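Shown next, in structure tokens, is the structure this report addresses.
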Amino acid sequence: MQKLIRNIFRSFMVPPKSTGAHEEGSFAKSQFYPRFEEGLSAEKTANQSEMALSFYSWLHMVAPAFPVNADKIRILNEPSEFYETLVNKCSNAHTRITFSSLYLGTGDLEKALVETIKKRLVDLQGQLKVTLLFDHCRGSRGAINSRSMVAPLLQEHPSSVQVSLYHTVALRGFLRFILPQRFNEVVGLQHMKLYIFDDSLIISGANLSHDYFTNRQDRYIVIEDCADLADFYANLIQQVSEFSFNLLPNGSTTLHPSWSQACHPFEGDKQMFIEEARQRVRKSFFSSMSKTDNAAVKKKADTWVFPLIQMGQLEIHHDSEVTLGLLERSPTGSHVYLATGYFNLPKMYMDTILEKSKATFTVLTAHPSTNGFLNANGVAGGIPALYTQLAKEFFNKACKLQQQDRVEIKEYIRPGWTYHGKGLWLTLPGQKFPSLSLVGSPNFGSRSIDRDLETQIAVVTSNPSLQKRLQEERDRLYEKGIVATKSTFSKEERLVPFWVLCVSRLFRRLF
């Protein structure tokens, strides 16, 4: 465990907390809390709920910890609910609307959402602050794009609206010159999906576009009246906005006033940009962690939320280290349900699942018919086959290691829909329902770890009602999954073209 904590703190380039003697590389023998197996023999002194919270207590040492009221957590199930909730909350916001998304679409539903925000700005006459963060490349794609969609907000309410466009530091020089729109997005993106209204938060993997409002399945968690958590994420979005471009009312962009030209994303010094951006995120993160540390000592709660962040190009690997710790520490008798719309687990996750973890795993991913790139034009049309190949390689490795009875893959099938859901549910030994769930933007893939700006939350709870609702959410997704077997990948329609095999070898870290 101490090795895990050191790795997490090292990702922020600060020394870890002093932890004393330890056994190197062993999460299970941490001095910070008892082994779960030992806890099983202590049923006379601790019930299952207390044991669950004890098992996750190390999270308090590696992430800000926010106690929340379990009754204030609402799980949405359908894209239409997500859209209706966005519109409703925009209509009723009083002090702030803060969005972080990959992009804003250009259809009628998106226009109606913008109009709702505009009307609320008029109604409140300067009392409402609107902050929007999108990715520069994706938000600038096409003549009509995210930038043009929100331009009226800036033009009519310049003092109340801030729009920022994050540009990856990795897209520069000759690469930036030769890569056309859409292809330039493979280099790195702003991928966090956060929607804040006053003191309430929606965290999701869904973007703000028509498909995500109608027939693209994702996950959506609403947390009401969580002022400290909403402030944490609003501050994180502000920090990222400061090393992003500001969109001006005339449609042009400029660097944030607090950001030096020497650290320009693609014209300035690359390492200076990385160091300064990381420093700002780090300062914000640890400031919040210090505050929540003090609060946690005084607060007893049955539900906690731990924000996890990943910004690989800024050398911040917080989320991946925590996720790896959860995967590795899950004991015999526990069950991990891991979902991703795009199956491309990095080697460290695969090795942990197949060779180190003792838990049972059920992985849910998109069937080619529900892959978001199905029927895409050009090279992108081969992406569903690419993910088939990656899932096949994982399946074959599980069989080779004789782990196929412990590790199962399911493929989500729903006619007329695409699948974009991601996250994790963990049920500990002796428990009927999950006591932890990860939800947010990461796909547990290579680009989530190395290229994009990502965040998700770990929801830890011993509250029976919330545990049951988390299981119901999980079951609704998994019931549409078909178990993948050896015959699945040998079907004629699942044969992978030779050129896709080559791409999977050379460029898998881009997907």
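The values are calculated or read from the model by the stated rules, or taken from the named source; none is laboratory data. Quick caveat, the model's predicted, so the values are computed rather than measured. In this analysis, Cβ positions are derived from the backbone assuming ideal geometry, glycine residues included, and neighbour counts consider all displayed protein chains. Accessible surface is based on the protein model in full, side chains and every heavy atom, while ligands, DNA and RNA are left aside. Shrake-Rupley method; radii C 1.70, N 1.55, O 1.52, S 1.80 Å.
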Handout entry: Net lengthening on full extension, Q125/M350 (0.36 nm per residue, minus Cα-Cα)
Key = 75.7 nm
Practice task
List the residues of the stretch 350-376 whose backbone N lies under 19 Å from a point placed 7 Å from the Cα of K400 along the Cα-to-Cβ direction.
Solution key: 350-357
Exercise for the section: Would you mind working out the accessible area per residue for the stretch 348-439, using a 1.4 Å probe, and quoting it in Å²? Expected result: 37
Handout entry: Around E242: net Lys/Arg minus Asp/Glu count, Cβ-Cβ under 15 Å
Key = +2
Handout entry: Along each principal axis, Cα extent of the stretch 311-357, largest first, Å
Key = 37, 22, 16
Handout entry: Cα centroid of the stretch 150-206 to Cα centroid of the stretch 237-254, whole Å
Key = 9
Practice task
At 20 °C and 1.002 mPa s, grab the translational diffusion coefficient of the stretch 98-168 from Stokes-Einstein with a Kirkwood Rh over Cα pairs, rounded to a whole number in µm² per second.
Solution key: 174
Handout entry: the chain - charge dipole about Cα centre, Lys and Arg +1 at Cβ, Asp and Glu -1, debye rounded to 20
Key = 780
Completion exercise
The ratio Rg/Rh over the Cα atoms of the stretch 208-311, Rh being the Kirkwood inverse mean 1/r radius, stands at 1.06
Completion exercise
the stretch 353-374 scanned against label point 7 Å out from R476 along Cα→C-beta; backbone N under 19 Å for 364-366
Exercise for the section: Identify the trypsin sites (Lys or Arg not before Pro) of the stretch 386-494 meeting these criteria: DSSP loop state and at most 12 other C-beta atoms within 10 Å of the C-beta. Expected result: K432, K486, K491
Handout entry: Added length on full extension, which subtracts the Cα-Cα distance from 0.36 nm per residue, V483 to K72
Key = 144.5 nm
Exercise for the section: Return a whole-number percent for the relative contact order of the stretch 240-372, with Cα pairs under 8 Å and 6 or more residues apart as the contact set. Expected result: 15
Practice task
Taking the dipole about the Cα centre of the stretch 435-511, with the C-beta of Lys and Arg at +1 and of Asp and Glu at -1, give me whichever of L436, S462, P497 is farthest to the positive side.
Solution key: P497
Problem - Neighbourhood charge, 10 Å Cβ-Cβ cut-off, centred on I97 and excluding it, Lys, Arg +1 and Asp, Glu -1 - result: +3
Practice task
Please list the radius of gyration and Dmax for the stretch 353-511, considering alpha-carbon atoms only, with Å as the unit.
Solution key: 16.6, 50
Completion exercise
Of the accessible area of the chain, computed with a 1.4 Å probe and all protein chains kept, carbon and sulfur make up a percent value of 52
Practice task
Grab the beta carbon distance between F507 and R414, set R0 = 25 Å, and tell me the FRET efficiency rounded to 0.05.
Solution key: 0.30
Handout entry: Vicinal HN-Hα couplings computed from phi for the stretch 481-498 (Karplus, 6.51 cos²θ - 1.76 cosθ + 1.60; Hz; Gly/Pro x)
Key = x, 9, 5, 8, 10, 4, 5, 4, 8, 9, 5, 4, 6, 9, 5, 9, x, 4
Problem - Zone of I178's modelled label, taken as backbone nitrogen in the stretch 482-507 under 18 Å from a point 7 Å along Cα→Cβ - result: 503, 506-507
Exercise for the section: Order the peptides 78-89, 167-178, 201-212 from the highest to the lowest mean number of other Cβ atoms within 10 Å of their residues. Expected result: 201-212, 78-89, 167-178
Problem - Value of relative contact order over the chain, rounded to a whole percent, pairs C-alpha under 8 Å and six or more apart - result: 18
Handout entry: Linear extension gain, Q271 paired with K432, 0.36 nm per residue minus alpha-carbon span
Key = 53.1 nm
Practice task
Add +1 for every Lys or Arg and -1 for every Asp or Glu among the other residues with Cβ under 14 Å from the Cβ of D405, and state the total.
Solution key: +3
Exercise for the section: Provide the convex hull volume over Cα atoms per residue for the chain, in Å³. Expected result: 147
Problem - Furthest towards positive pole of dipole, Y56, V336, T106, structure part the chain, Cβ charges - result: V336
Fill in the blank from the handout: Percent antiparallel among DSSP beta bridges confined to the chain, rounded to 5, stands at 65
Practice task
Quick one: what are the phi-derived ³J(HN,Hα) couplings along the stretch 437-451, Karplus 6.51/-1.76/1.60 with θ = phi - 60°, whole Hz, x for glycine and proline?
Solution key: 9, 9, 8, x, 8, x, 9, 6, x, 4, 6, 4, 7, 9, 10
Problem - Restricting the stretch 418-464 to chymotrypsin sites (Phe, Trp or Tyr not before Pro) in coil, as DSSP defines it, with at most 12 other Cβ within 10 Å - result: none
